[in-house]
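Enquirer: Below you'll find the structure I mean.
The values are calculated or read from the model by the stated rules, or taken from the named source; none is laboratory data. Note that the coordinates shown come from a computational prediction; the quantities given were computed from them, not determined experimentally. We place every Cβ from the backbone using ideal geometry, glycine too, and count neighbours over all the protein chains shown. Areas reflect the complete protein model, heavy atoms only, side chains present, ligands, DNA and RNA absent. Shrake-Rupley method; radii C 1.70, N 1.55, O 1.52, S 1.80 Å.
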Amino acid sequence: MTDLVLRLLGARVDDAVRIADASLALRGGLGAGWVVLGLLATIVAVAWLYRASPVMLSPLRRHILTALRVLFLGLLLVLLLRPVLAFTVEGSVRRILVLLIDASASMRIRDPRQTPEDRQRAALARGLADPAGGLKSKSGSGRPAAGAGGERLELVQAALRNEALNLLPRLDREFDLAAFTFAQGVAEISARKAAPASTNGRASRREPVTVDQFPWVDRLTATNPLTALGDALREVMARKRGQPLAGVLVVTDGANNSGMPPGEAALLARREGLPLYIYGVGITSPRDVILVNLFAPDVTFARDEMTAAARVRTRGMNGRNADLVLKLNGQTVASQTVTFGADGEQVVPLRFIPAAVGEFDLEAVVVPQADENVQDNNRRSRRLRVIDAKIHTLLVDQSPRWEFRYLQAMLLRDRRIDLKCYLAESDKDIARLPGSPYLAAFPARKEDLFKFDLVIYGDVDPRRVGLNALENLNTWVADFGGALVAVAGRRFLPHAYKRSLLEKLLPVEFDAPIVGASPDALADKPITLQLTFAGRHHAMLRLSDKDEENVALWKELPPVFWVARVARPKPAAEVLLVDPDPARETRFGKMPVIAFQKYGLGQVLYVGTDNTWRWRRNVGDRYYSTLWGQIAQRVSLQRLLGISKRTQLTTDQHNYMTGDRIGVYARLYTAGYDPLSQPAVKGHFGLRNGTGPRPEVILRPVPEQPGLYRGEFIAPAAGTYSFWVDSDTDTFLDFNVSEPKFELGETAMNEPLLRELAATTGGAFFREEDLHRLPDTIRDKTERVRSPLEVELWSSPLFFLLLLGVVTAEWVLRKLAHLK
């Protein structure tokens, strides 16, 4: 109707518009009062003429003729006013609706639909129930409909082919569809078949389409083990930027295990005014046991007890039991019966002692339950390297203080430690005794110092060590991956090393002056140290496998009576233990007592107290040996793995997935420990068993890093690989490549996430009972364009037809009355 009215007024507009507002304006310049006077004069003159007519007329006919003549002359007077109708019309630019359909492996899950609501949703998608009835609709027999579960992707295909819902044709009628699938990446698919050409000559009219014109629905597959929902949203926004978009219709179960967090992508969409309409597929409460992660060190020592922790998540398994088994190269090494509680996660520690040296597959398996939603997510594995090397350790101090004595005794008992000691104030003859662990002097030559993996540097007068030795120590840590543990003391460390090379190594700054006459002023009261958030989770400070128990044990440790005053941690440092006393707190936070940082290729740990020996009270070496053993092992691990050689090969991690980009670094030195200087270095990688190809990798120098080279390659098929450079074929870097398998880490539809994404962007979330409203919801939310439109009423076809109609009517009546 709106279209007809506007056309009669002579306006040229698109089909899909409606009038939002209308007003009348007079543009003739003649005052309306004169027109009214003219109209009154016209009425009087016409009435007198018809009354004076010689032909006898009935009163009714005379009045009608008078009215028609007055109306005609009045319309002619209106022309003098030049009336204009001003409209505000609303219409919509035909926009693009992006369809983004999940093609990851989780869409192959067969949901066991056990509740009436979930069975009804399957029936609605498959066309077995009236869509408009929602969860209360019944089948043709009058009974509640029940649909088979099937795979999630099959349910999506059924919903898109459902003629009762008619989703795709209804959407195609309103929008230009651009369909994509997504998993690890985004792939475009054809929106529909070409519709028959229009025969009415009007390009703005679209021929109706049917569900059969979308053959790509039957070709949808779901095989990729990774889902990058956030990346997919960002990618389609980039591809369609600058085009008129109605929104993005996402069909997914909400699983996401790669790429940008979906919440960040939703914020980007909101900034661009792009709503997300989300069809959530799957069920929200499946029965499932998921082995989320297997925590274990990459490297451990042979014949040492180690702990692997399995993180198990359950849904709908309250009160049930299952066996958790830990296997090393397929052989069971530990097992435990796990009792499941309410939906949630629990961490189960498993202890065992690896006997052999080598590379192993460590796997944790939860024996599947018969009614689990998915049984492929009950296991996790990782590579474990078992070594039996000695940690060559140098313990340095000024005098045999209590910390030195207990630490020396503990290290000498540890079979993993090969200990040498240097006491600056000791009798030099002690070093000449047979089997003595003592050195007569601090190693001054590089060759002597670089033999050690770990240096525990105590409260030593820097003059006893010498500038040259400190330079070597700096080089050993930064360039050769040495591990340094600095244990503070009341005489020299750290304050005597202000503006020295050792200060650069330490993870703390100590430019604040000490308050009081002497350092001993800080030793007058007990101090209970406090773990930081990082300290509670750091492997070096673990006194128990359970988080709560570990925190409780640290709180129960005896207090210390002295800590070194420092100002703050360095920007790259990680603070693990602090002094909670507000009097020592600065604007940078609580004063650090134990802090850790990487320095070059090496690692440095600062211990700001020499009172850790007090933690032996009433428990002996129970916690003291555990703590210092973990410190020695963790900080020296890189050296034990070969970082100390003149050929140093490193990557950012040990385990990769097929298709990942691997960046490898090589720090290369000559026989005299001078940085190698060549324009390029060739390297190769291949399977450790010696089979298969050996692709070449070219490493280029890193600017302003003498001796450092970098190369890059793509992680190949699953397997255990080694990398080496041609200049040193005896030094290998091992890494593991596995196929990504954790797409099924969460089998429930992530409804909270999907609702949040829709709400953030101003879109809407749908389940099967809401799908019949989906096209109308998107159409109603699509922004409409308002535009002004002016029509000159006096020159419009409608005005002309009105004049013609009035004068014709008067003429016909006059002829009937035998008037000229």
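Enquirer: Give the accessible surface of the range 252-294 per residue, rounded to a whole number of Å², with probe radius 1.4 Å and ligands, DNA and RNA excluded.
Expert: The answer is 33 Å² per residue.
Enquirer: Determine the distance separating the Cα centre of the range 414-471 from the Cα centre of the range 57-82; give it in Å without decimals.
Expert: Distance between centres, Cα-based: 122 Å.
Enquirer: With a cut-off of 18 Å, note down the residues of the range 311-330 whose backbone N falls inside the zone around a label point 7 Å from the Cα of S381 toward its beta carbon.
Expert: 311, 324-330
Enquirer: OK, next. Per residue of the chain, what 222 nm ellipticity follows from adding -39500 (n - 2.57) for every DSSP H run with n ≥ 4, rounded to the nearest 500? List each step's numbers first, then the result.
Expert: Numbers: 19 runs with 207 residues, N = 820.
Computed ellipticity for the chain at 222 nm equals -7500 deg cm²/dmol.
Enquirer: Expressed in nm to one decimal, what extension gain is obtained for the pair S285 and D371 from 0.36 nm per residue of sequence separation less their Cα-Cα distance?
Expert: Gain on extension, S285 to D371, equals 29.7 nm.
Enquirer: Tell me the label-point distance for the pair R491, A25, using the 7 Å Cα-to-Cβ offset, in nm and rounded to one decimal.
Expert: 9.7
Enquirer: Let me ask something else. Out of T223, L384, A364, whose Cα points farthest toward the positive end of the dipole of the chain (charges: +1 Lys, Arg; -1 Asp, Glu; placed on Cβ)?
Expert: T223
Enquirer: At 0.692 mPa s and 37 °C, plugging the Kirkwood radius over alpha-carbon pairs of the range 552-644 into Stokes-Einstein gives what diffusion coefficient in µm²/s?
Expert: Details: Rh = 14.8 Å.
For the chosen part, D equals 221 µm²/s.
Enquirer: While we're here: Quick one: give the max-minus-min coordinate of the C-alpha atoms of the chain along each principal axis, largest first, in Å.
Expert: Taking max minus min along each principal axis of the Cα atoms, the chain gives 156, 67, 58 Å.
Enquirer: Can you give the alpha-carbon Rg of the range 391-520 over 2.2 N^0.38 Å, where N counts its residues? List each step's numbers first, then the result.
Expert: Working: Rg = 14.7 Å, N = 130, 2.2 N^0.38 = 14.0 Å.
Normalised Rg, Cα atoms only: 1.05.
Enquirer: I've got another one for you. Where does the longest stretch of the chain lie that holds no chymotrypsin sites (Phe, Trp or Tyr not before Pro) found in a DSSP loop with 16 or fewer other Cβ atoms within 10 Å? Walk me through the intermediate numbers first.
Expert: On the way: sites that count: F561, F588, Y673.
The longest such stretch corresponds to 1-560.
Enquirer: Now, a different point. Would you kindly state how much longer the chain becomes between A583 and R432 on full extension, computed as 0.36 nm times their sequence separation minus their alpha carbon distance, in nm to one decimal? It would help to have the intermediate numbers written out before the result.
Expert: Working: separation 151, 0.36 × 151 = 54.36 nm, distance 4.83 nm.
Here the segment from A583 to R432 would lengthen by 49.5 nm.
Enquirer: Which percent of the accessible area of the chain is formed by carbon and sulfur heavy atoms (probe 1.4 angstrom)?
Expert: Here it works out to 53 percent.
Enquirer: Please provide three numbers in whole Å: the alpha-carbon extents of the range 253-379 along the principal axes, with the largest listed first.
Expert: Cα extents, longest axis first: 61, 33, 20 Å.
Enquirer: How far apart, in nanometres, would the label points at R239 and K781 be if each is projected 7 angstrom from Cα along the Cα-to-Cβ direction?
Expert: Going from the R239 label point to the K781 one covers 2.1 nm.
Enquirer: So for the range 217-324, taking the charge dipole from beta-carbon charges (+1 Lys/Arg, -1 Asp/Glu), which of A238, T284, V299 sits furthest toward the positive end?
Expert: Of the options given, the answer is A238.
Enquirer: Past the 18 Å Cα-Cα mark, which pairs from K504/K590; K451/K682; K420/K446; K446/K682; K390/K546?
Expert: K504/K590; K451/K682; K446/K682; K390/K546
Enquirer: Once you put a point 7 Å from the Cα of Q213 and another 7 Å from the Cα of H818, both along the Cβ direction, what distance in nm separates them?
Expert: Result for the modelled spin labels: 6.7 nm.
Enquirer: With every protein chain kept in the model, how would you rank S795, S285 by accessible area, 1.4 Å probe, largest at the top?
Expert: S285, S795
Enquirer: Then there is this: FRET efficiency for N329 and T651, Cβ-Cβ distance as r, R0 = 25 Å, nearest 0.05? If you can, show how the numbers build up before the last one.
Expert: Numbers: r = 24 Å, r/R0 = 0.94.
In this case the efficiency is close to 0.60.
Enquirer: Could you provide, to the nearest whole Å², the per residue accessible area of the range 462-621 with probe 1.4 Å?
Expert: Accessible area per residue: 44 Å².
Enquirer: Mind ordering 579-585, 775-781 by average Cβ neighbours within 10 Å, highest first?
Expert: 775-781, 579-585
Enquirer: So, one more: If you stretched the chain out fully between T658 and L37, how much longer would it get, using 0.36 nm times the residue separation minus the C-alpha to C-alpha distance?
Expert: Here the segment from T658 to L37 would lengthen by 214.4 nm.
Enquirer: How many angstrom lie between the C-alpha centres of the range 276-353 and the range 354-388?
Expert: When both Cα centres are located, 10 Å separates them.
Enquirer: Among the complete DSSP H segments of the chain, which ones combine at least 15 Å of alpha-carbon extent along their axis with a mean Kyte-Doolittle hydropathy of 1.6 or more?
Expert: 32-51, 59-81
Enquirer: Accessible area per residue, 1.4 Å probe, Å², for the range 646-766: what's the number?
Expert: Working: 5860 Å² over 121 residues.
With all protein chains present, the range 646-766 gives 48 Å² per residue.
Enquirer: May I pose another question? Please work out whether the range 675-820 counts as rounded, prolate or oblate from its C-alpha gyration tensor, where a ≥ b ≥ c are the square roots of the eigenvalues and a/c under 1.5 means rounded, while otherwise a/b larger than b/c means prolate and anything else oblate? Please list the in-between numbers first.
Expert: Values: a/c = 5.59, a/b = 3.15, b/c = 1.77.
It is prolate, given that a/c is not under 1.5 and a/b is the larger ratio.
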